[in-house]
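**Student:** Next up is a structure, given as structure tokens.
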Amino acid sequence: MKVFIAIIPLLLSVGTFANPTFRFEDGVIDPRCPAFDNPMNPFHLPHARDCGKFLKCFNGRAFTIDCPPGQEYGPKIQRCDYPSYAQCSSALAQPDPAEFRFEDGVDDARCPRNDDPMHPLHLPHPTSCQKFLKCFSGLRFELDCPPGQQWAAHLNRCDFPSIAKCKRDAATFQVDQDEEIKEVEVINEVNEVQDSLDVAVEETVDDEPEIVALPMKAEFVYNAGIPDIRCPRTDDPFRPIHLPHATDCGKFQKCFDGRAYVLNCPPGQEFGAKINRCDYPQYAQCMLPKRKNLAKMMKKAAAYDDDYYYSDEEFPLESSEWTDEQREMIAGVPDIRCPATDDDNNPVHLTHPKDCGKFYKCYDGRAYLIVCPAGQHWSVRYDRCDYPKVAKCTIRP
């Protein structure tokens, strides 16, 4: 019993050492630490100079904690472990967060009242290259660069002297500061006049404004487009639909409002279907069907030329003069396979019973006859018109 009583103080001392405590005041505000903590996924940071320590984030502050004896902190595994597993490297450790008190801030007209945490404003120090000024809530705070580094104004950070190239002295800083203060005062006066008179003040522009060349817009007439089933009725300006030309690699078709418009590639370039743009031939790799097969396809496609379907001059005005094929295309025929309500994103298409070069499109419960482009067949698998080798239509007229 006496032995057990003597061991109790020893156990208490060991328990106290195993569970070190820290005060909230000991934490250093660190922008890398989130304001709201997740107890199931705590946030840890490596120490700047000691692999046997790490930083634990809590309520936006970083607290320094020691690893167990003989262990190091591993940033990849997010815990302390033996050096062979931790693989701690000083290069992975970030510099210590800057420490400053709000009371030490000095009013500066160059510092905005509302800060952008993603783009903080830093200013060079007036007399020392080893220091810089950080803006926060309209105040400037003096901070030190890490040992051996200097402030680089063009990089907006501290770096080695060979990279920073700091040549700051009191005389040059005073001149630049006076000029910046004058500019700020002029801006403040303009803002006061604008608020009092409630008029819009035009921003000052350089004497020689930068000229930006805009790309030329494609010029085409709306009526020149040919309805194409491959072109959607609703266009996405960020993902335009382009189609290859049937007979010319130097041209392509651009979809707009359900129509296909023929456009020319720049001189010396061809349209590449895989890259969806015009480029040099070695990159475009445009491939047209052989002339022998193309002539055969064009001859066969001449039987269902549908130019007059889109011409008001040759189109018969009297419905009594329409042929059966024209009636199917213009007025449509009732079909129980066509839904009463149409879905623009998922239109319903039907195969033609006798001709691979034609198909039916459902609209408002009726089926309308449509002819595929010259030399193409209707593909049931891809739900569009395409070249015969791709469509693989098995219907024979």
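The values are calculated or read from the model by the stated rules, or taken from the named source; none is laboratory data. Note that the structure is a prediction, hence the values are computed from the model and not measured. Quick reminder, even Gly has a Cβ in these numbers, built from the backbone with ideal geometry, and neighbours come from all protein chains shown. These area figures cover heavy atoms from the full protein model, side chains too; ligands, DNA and RNA do not enter into them. Shrake-Rupley method; radii C 1.70, N 1.55, O 1.52, S 1.80 Å.
**Student:** Within the stretch 377-393, is even one residue closer than 19 Å to L243 by Cβ, hydrophobic (A, V, I, L, M, F, W, C) and exposed (fewer than 15 other Cβ atoms within 10 Å of the Cβ)?
**Tutor:** Yes; the residues of the stretch 377-393 include at least one that is closer than 19 Å to L243 by Cβ, hydrophobic (A, V, I, L, M, F, W, C) and exposed (fewer than 15 other Cβ atoms within 10 Å of the Cβ).
**Student:** May I pose another question? Sort out which residues of the stretch 366-376 are in a loop (DSSP other than H, G, I, E, B), within 20 Å of Q326 (Cβ to Cβ) and open to solvent by less than 20 Å² (accessible area, probe 1.4 Å), and write them in order of number.
**Tutor:** Residue satisfying the conditions is C372 alone.
**Student:** If you don't mind, another one. For residues that are of a type in the set (D, E, K, R), under 14 Å from D228 (Cβ atoms) and without any contact (Cβ under 8 Å) to a residue 24 or more places away in the chain, tally how many sit in the stretch 342-397.
**Tutor:** Number of matching residues: 1.
**Student:** Can you pull out every residue in the stretch 103-133 that is charged (D, E, K, R) and within 36 Å of the chain's Cα centre (by Cα)?
**Tutor:** If the condition is that a residue be charged (D, E, K, R) and within 36 Å of the chain's Cα centre (by Cα), then R110, R113, D115, D116 are the ones that fit.
**Student:** Does V193 fit the bill of being modelled with pLDDT of 65 or more and surrounded by fewer than 16 Cβ atoms within 10 Å (Cβ to Cβ)?
**Tutor:** Here the answer is no, as V193 does not meet what is asked.
**Student:** Scan the stretch 246-263 for residues that are farther than 19 Å from Q282 by Cβ and either modelled with pLDDT of 90 or more or surrounded by 15 or more Cβ atoms within 10 Å (Cβ to Cβ) (or both) and jot them down.
**Tutor:** Listed by number, the residues that qualify are A246, Q253, K254, C255, F256, G258, R259, A260, Y261, V262, L263.
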